[in-house]
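Read through the structure below, which is laid out as structure tokens, and then see the notes.
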Amino acid sequence: MLTTAAHLAAQHDTAGGALSAIHEARHEVLMRLAIAAEYRDEATEQHMIRLGYMAAKLSALLGESDEFCYLMRLAAPMHDVGNIGLPEALLKNPSTLNAEERALMNTHTEIGFKILTQADAPLFQLAASIALTHHETFDGTGYPKQLAGHAIPLAGRIVALVDYFDALTMDKPYRASFSDAQAIEMVQAQSGKLFDPDMVNVFIANIESFIQLRHSINASPLKYDQLVNYSHATFL
């Protein structure tokens, strides 16, 4: 027979395994929502993968722990999950948005936060924070709360920067992609405005490694089912 201590340990392991399975299931559901949101916005699923890995890489370069970097890799791709709550016509609108349309578009941050904050695991709390704050700007002119400087959570500042750079180098329905050199200049021009200037300095100092990371991911694109479970993939 199991001793009381051994029995309790076995129960703990079983419960822990069940809890882990629940968190994995939640992550899969939320990733599928994020994928659906990205498809509706005509972005590719590979942008989500790149964003996760770039966010993790920048986190590491900023001296964050391995655990934080790992969570960033999983959480960052869910940053725009709130787009799932917006009209498809709005997301695909190729023209300049009017004030009413822009106000509606901006609600995706709070929609995403409400979706993600329902789960209490660290991964989802981090993802919720990113969803809410990745459009805040260092100079305080962003949304939804007009946070400024280091009042913006680190994760939100990281995702804002890498998302901006990667999006610039992608084709969009309303424009062709910018070259890497153009994108670098545009990032530098927003240092201290949209982005944390110290973070920009670290990013630019290591830009070649970010470009190589992007090339590696693009060269080995993941299929849909792999994307949902991409936490086990490895890119150098």
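Annotations
- Cβ crowding within 10 Å, taken as a proxy for footprinting-reagent exposure, orders HIS27, HIS150, HIS79, HIS134 from fewest neighbours to most as HIS150, HIS27, HIS134, HIS79.
- For GLU88 and ALA25, a Förster radius of 25 Å and the Cβ-Cβ distance give a FRET efficiency of 0.40, rounded to the nearest 0.05.
- Förster radius 35 Å - calculated FRET efficiency between ALA219 and GLU110, Cβ distance, rounded to 0.05: 0.45
- Once the convex hull of all Cα atoms in the stretch 23-231 is built, its volume per residue stands at 116 Å³.
- Here the Karplus relation 6.51 cos²θ - 1.76 cosθ + 1.60, evaluated at θ = phi - 60°, turns the backbone of the stretch 188-204 into coupling constants of 4, 5, 9, 5, x, 9, 6, 10, 4, x, 5, 5, 4, 4, 5, 4, 5 Hz, with x for every Gly and Pro.
- Taking each residue as 0.36 nm, the span from GLU100 to ALA60 lengthens on full extension beyond its C-alpha to C-alpha distance by 10.5 nm.
- The stretch 23-231: relative contact order in percent, alpha carbon pairs under 8 Å with at least 6 residues between: 22 percent
- Cβ-based exposure ranking for LEU97, LEU126, LEU168, in which fewest neighbours within 10 Å come first: LEU97, LEU168, LEU126
- Annotation for ILE204 and ASP171: the two label points, set 7 Å from Cα along the Cα-Cβ direction, are 3.0 nm apart.
- Segment GLN182..TYR164, full-extension length gain: 5.2 nm, with 0.36 nm per residue of separation and the alpha-carbon distance subtracted.
- Near LYS172, the amide H atoms lying under 5 Å from its own belong to SER177; only residues 5 or more places off or on other chains count, and H is placed 1.01 Å from N.
Here, each number is a calculation from the coordinates, and none is a lab measurement. Small disclaimer: the values here were computed from a predicted structure and weren't measured. Quick reminder, even Gly has a Cβ in these numbers, built from the backbone with ideal geometry, and neighbours come from all protein chains shown.
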